[in-house]
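Let me begin by presenting the structure, written as structure tokens, before commenting on it.
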Amino acid sequence: MKQEYLEIIFDRDDWVCQYPGCNKRATEVGHFISQYKGGRAYMKREFNYLFDIQLSKDEVDYLINHPLNGASVCNHKPHNDHFAVSIAGHPIEARKIVEALFREEYAYEN
């Protein structure tokens, strides 16, 4: 994740872990939709299916690291994992994130 994205998310969250009850200093970002292969494929597939938009690799990277797709967390792994949205287990929540990203970044074009 690029430093500029980290700083935007950390600043938004006052550099505090967003895990409920934790007040530790944030050191990383927990992605709602995974930054790894499965999350990237999901993002690309959903934009194509919902909005008829073919995302490039750079566009997928941008959306995966977008502030709407992350929360500040400390270095305690369960706190990071808490924010991960299971695409198979919680498809409605995952789709809401995709739709919010679309509204934020693409809706003005349509």
Sole miss for Ser72 among (1) assigned to a strand (DSSP E or B); (2) touching a Lys or Arg at 6+ places or on another chain (Cβ under 7 Å); (3) of a type outside the set (D, E, K, R) is condition (2)
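Please verify whether Leu63 is in a helix (DSSP H, G or I) and either more than 14 Å from the chain's Cα centre (by Cα) or without any contact (Cβ under 8 Å) to a residue 40 or more places away in the chain (or both), treating the condition exactly as stated. Step through it out loud before you land on a result.
Numbers: in a helix (DSSP H, G or I): yes; either more than 14 Å from the chain's Cα centre (by Cα) or without any contact (Cβ under 8 Å) to a residue 40 or more places away in the chain (or both): no.
Considered against the rule, which asks whether it is in a helix (DSSP H, G or I) and either more than 14 Å from the chain's Cα centre (by Cα) or without any contact (Cβ under 8 Å) to a residue 40 or more places away in the chain (or both), Leu63 comes out as no.
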When the stretch 13-35 is examined, which residues are found to be in contact (Cβ under 8 Å) with a residue 60 or more places away in the chain and within 22 Å of Val60 (Cα to Cα)?
Phe32, Ile33
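Okay, residues lined up against (1) of a type in the set (Gly, Ala, Ser); (2) at pLDDT below 95; (3) part of a helix (DSSP H, G or I):
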{"residue": "Met43", "(1), (2), (3)": "no, no, yes"}
{"residue": "Phe47", "(1), (2), (3)": "no, no, yes"}
{"residue": "Leu55", "(1), (2), (3)": "no, no, no"}
{"residue": "Ala88", "(1), (2), (3)": "yes, yes, no"}
{"residue": "Leu101", "(1), (2), (3)": "no, no, yes"}
Condition first: modelled with pLDDT of 95 or more, of a type in the set (Lys, Arg) and either in a helix (DSSP H, G or I) or over 17 Å from Ser72 (Cβ atoms) (or both). Now tell me which residues in the stretch 14-41 satisfy that.
Arg40
List the residue pairs whose Cβ atoms are under 7 Å apart, where the first residue sits in the stretch 36-58 and is on the phi < 0 side of the Ramachandran plot, the second is exposed (fewer than 13 other Cβ atoms within 10 Å of the Cβ) and not in a loop (DSSP other than H, G, I, E, B), and the two are 6 or more positions apart or on different chains.
Gln54/Asn48
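So which of Val85, Val98 ends up being buried (at least 19 other Cβ atoms within 10 Å of the Cβ), in contact with a Ser or Thr (Cβ under 9 Å, 6 or more places away or on another chain), touching a residue at least 12 places away in the same chain (Cβ under 8 Å) and within 15 Å of Met43 (Cβ to Cβ)?
Answer to the check: Val85.
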Might you check whether a residue that is in contact with a helix residue (DSSP H, G or I) (Cβ under 9 Å, 6 or more places away or on another chain) and of a type in the set (Ser, Thr, Tyr) occurs anywhere in the stretch 75-87?
yes
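The values are calculated or read from the model by the stated rules, or taken from the named source; none is laboratory data. Predicted model only: the values in this text are computed from it and were never measured. Backbone-built Cβ (ideal geometry, glycine too); neighbour counts: all protein chains shown.
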